[in-house]
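Student: First the structure, which I've put down as structure tokens, then a few questions once you've had a look.
The values are calculated or read from the model by the stated rules, or taken from the named source; none is laboratory data. None of the values given here were measured: they were computed from a predicted structure. Cβ placement follows ideal geometry from the backbone for every residue including glycine, while neighbour counts extend to all protein chains displayed. SASA here: full protein model, heavy atoms, side chains in, ligands and nucleic acids out. Shrake-Rupley method; radii C 1.70, N 1.55, O 1.52, S 1.80 Å.
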Amino acid sequence: MIMKKRLSLIALMTGLTGALMHPPLGAQTSMDTHSEPAIFSDQDLGVADQLRTQGLQGNGGFDVVEELTTLIGPRLAGSPADAKAVEWAKNYLENAGFDRVWLEPATFPTWHRNMEKATITAPIEREMVTLALGFSPATPAGGVEAEVVMLDDYEALEAVDASEVEGKIIFVRNRMERARDGSGYGPAVRARSLGARIAAEKGAVAYVIRSIGTSTNRFAHTGSQRFDVGVRSLPAVAISNPDADQLERVMGLGEPVSMHIEVDAEFIEAYTSHNVIAEITGSKYPEQVVAIGAHLDSWDVGTGALDDGAGIGIVTEAGRLINALDQRPDRSIHIIFFAAEEIGLWGGRAWAEKNKDNFHNIQVGAESDFGAGPIYEMTAHVSDEAKPVIRAIHQQLEPLGIAFGGWGGWGGPDFRPAGAYGLATIDLRQDGGNYFDYHHTENDTLDKIDPANMVQNATAYAVLAWLAAQSPVSFGSGPENMRQ
Ligand SMILES: [Zn+2]
């Protein structure tokens, strides 16, 4: 089966010859004896075929992520680079010739890193490679020094008695497991997103975690913590995996271990950035929208190439491929660059709020935000009526090596807030086996992207967006599709 898929992909990549010799995949012909009524017209399937061919001959949007990471680089939401990125994006999409480009505001609290330092001070001295976690408060000037209490994971932190950690530095050592679908992230990341506030409640003075990431390199992985005004937290840092190994070994010596932690960082109460949206205007139902997206912001380390410059390139290229067709899609297609995903899905929340009375007109949402690995599977959350259409779309993605993964998914982080308003979603799930080696580190740079994988991704998004826009039925977004 895999062999057959590979061969089909090679056939597509060798050019048009094969495609011209056969009717488009999935097209119904008069020779079919047991066929159900065709879902898509031969013409729409022919365009899907053309998009596959042209997509595979393109660069997958690599030029886009190359320009973004070279000219802008890291672009933490609310930083001066965020504003530059928004301006760059607007110009880029306008120059790409989309029918309409505009900005929609998103306002959020944010945070700025000045410095961080984590050192074992006893029984040996060793400086650790570290990054403060998003929304970490500063330590008092000069830092804090205290004995370290090591805990296995988030559950152990919840369970520990305050008397054991009062006045201490808590170190949570849980290790993220590697998995193609990224499923090791969820269980591990609670220690990052919620740990420091629990440590604060129990009277600790600082909070240290093993990086939430799979790398064995000496890079710390930063990331956001849940932030609520008025909830007390602690200075919080992640140390690199090899440094966490070292700290565990030192703890294993059986002597009291002390660390010194220093963080300098600032809160910014309210900053307004923007979602940047480009439209290919639909010819029949311009008010109905197929939304494909990625997030424009990144962490303040590395250059945000995999997270999520790659996604920005992928959806831009998908849009360019459709925009270059001789015809317009029936429904409009929106290419959305979301603001401020990393620090709390603020662009996605703003988009959901803005559309809250309009979701019956949003055909579907699909976001690319899992690096630049190949897509191996498609899942969908749609109405029952739309399920045969999803199957028919999947047939057109199968030659790209994409399996059908069943019903479910949320369409990506920035479409998650829209789930509460009933957005229908499609997930094109990428192989993320090595995504968390680089995620939120200084090492998330352009060289980690294989352009060939971006080509497969962008081609899949183009075929998906085109057919979703031509679907004979609504995918069922709206109040009856709400979920929490
Ligand atoms: Zn991301």
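Student: With label points built 7 Å along Cα→Cβ from the Cα atoms of ARG100 and ALA420, find their separation and express it in nm.
Tutor: Taking the simple label geometry, ARG100 and ALA420 are separated by 2.7 nm.
Student: Hey, any idea what Rg/Rh is for the range 110-267, computing Rh the Kirkwood way over Cα pairs?
Tutor: 0.93
Student: While we're on this one: Subtracting the Cα-Cα distance from 0.36 nm times the residue separation, let me have the gained length for GLU147 to ALA159 in nm, one decimal.
Tutor: 2.4 nm
Student: Here's another thing I want to ask about it. What area, in nm² and to one decimal, does the C-alpha convex hull of the range 225-369 cast on average over all directions?
Tutor: Its Cα hull, projected and averaged over all orientations, spans 12.6 nm².
Student: Can you figure out the FRET efficiency of ASN361 with LYS117, using R₀ = 60 Å and their beta-carbon distance, to the nearest 0.05?
Tutor: Efficiency at R0 = 60 Å is approximately 0.70.
Student: Just to verify a number: what accessible area does LEU234 come out at with the full protein assembly present, 1.4 Å probe, Å² rounded to tens?
Tutor: 10 Å²
Student: Okay, next question. So for SER471, SER183, what's the accessible-area order with a 1.4 Å probe, most first?
Tutor: SER183, SER471
Student: Excluding ligands, DNA and RNA, what is the solvent-accessible area per residue of the range 110-267 at a probe of 1.4 Å, expressed in Å²?
Tutor: Using a 1.4 Å probe on heavy atoms only, each residue of the range 110-267 averages 42 Å².
Student: If each DSSP helix of 4+ residues adds -39,500 (n - 2.57) and the sum is divided by the residues in the chain, what number results at 222 nm, nearest 500 deg cm²/dmol?
Tutor: Rounded to the nearest 500, the figure is -9000 deg cm²/dmol.
Student: Here is a further query. Which order do you get for ASP437, ASP243 if you rank them by accessible area with a 1.4 Å probe, largest at the top?
Tutor: Greatest to least solvent exposure: ASP437, ASP243.
Student: Further question: Convex hull volume of the Cα atoms in the range 328-484, per residue, in Å³?
Tutor: Output value, Cα hull per residue: 119 Å³.
Student: Based on a Kirkwood Rh over C-alpha pairs, give the Stokes-Einstein translational diffusion coefficient of the range 251-310 at 20 °C and viscosity 1.002 mPa s in µm²/s.
Tutor: It diffuses with D of about 123 µm²/s by this estimate.
Student: With only alpha-carbon pairs counted, each pair once and no self-pairs, how large is the Kirkwood hydrodynamic radius of the range 278-342 in angstroms?
Tutor: Result for the range 278-342 stands at 12.6 Å.
Student: Quick one: how many Å² of MET115 are accessible to a 1.4 Å probe, rounded to 10?
Tutor: Ignoring ligands and nucleic acids, MET115 comes out at about 60 Å².
Student: Next up: How high is the FRET efficiency between GLU480 and THR281 when r is their beta carbon distance and R₀ equals 22 Å, given to the nearest 0.05?
Tutor: The formula returns an efficiency of 0.20 here.
Student: Also, I was wondering about something else. Pairs of Cα atoms under 8 Å, at least six residues apart: use those to get the relative contact order of the range 110-267, whole percent.
Tutor: RCO, the range 110-267: 40 percent.
Student: Continuing with the same structure: Could you tally the net charge around ASP245, taking each other residue with its Cβ under 11 Å from the Cβ of ASP245, Lys/Arg +1 and Asp/Glu -1?
Tutor: For residues surrounding ASP245, the net value is +3.
Student: While we're here: Using a Förster radius of 30 Å, what is the FRET efficiency between GLU255 and VAL231 based on their Cβ-Cβ separation? Nearest 0.05, please.
Tutor: 0.30
Student: For TYR421, what accessible area in Å² do you get when you roll a 1.4 Å probe over the heavy atoms of the protein chains, rounding to the nearest 10?
Tutor: 50 Å²
Student: Further question on the same structure: Expressed as a whole percentage, what fraction of the accessible surface of the range 95-175 belongs to carbon and sulfur atoms when a 1.4 Å probe is rolled over the protein heavy atoms?
Tutor: So the carbon and sulfur contribution to the accessible surface is 45 percent.
Student: May I pose another question? Taking the Cα atoms of the range 35-109 alone, what are Rg (to one decimal) and Dmax (as a whole number) in Å?
Tutor: Here Rg and the maximum Cα pair distance are 18.4, 58 Å.
Student: How much of the DSSP bridge set in the chain is antiparallel, in percent, rounded to the nearest 5?
Tutor: Bridges in the chain are about 60 percent antiparallel.
Student: Plugging the Kirkwood radius over Cα pairs into Stokes-Einstein for the chain, at a temperature of 37 °C and a viscosity of 0.692 mPa s, what D comes out in µm²/s?
Tutor: Answer from the Stokes-Einstein relation: 140 µm²/s.
Student: Taking every DSSP beta bridge with both residues inside the range 110-267, roughly what % is antiparallel (nearest 5)?
Tutor: 60 percent
Student: Would you please name the GluC sites (Glu not before Pro) within the range 29-133 that are DSSP coil residues with at most 12 other C-beta atoms within 10 Å of their C-beta?
Tutor: GLU125
Student: Using a 1.4 Å probe and counting only protein heavy atoms, arrange TRP102, TRP466, TRP407 so the residue with the most accessible area comes first.
Tutor: Putting TRP102, TRP466, TRP407 in descending order of accessible area: TRP407, TRP102, TRP466.
Student: Toward the positive end of the charge dipole of the chain, about the Cα centre and with charges on Cβ (Lys, Arg +1; Asp, Glu -1), which of SER233, VAL144, GLY412 goes farthest?
Tutor: After comparing all options, I get GLY412.
Student: OK, next. With charges set only on the Cβ (+1 for Lys and Arg, -1 for Asp and Glu), what does the dipole of the range 303-367 come to about its Cα centre, in debye to the nearest 20?
Tutor: 260 debye
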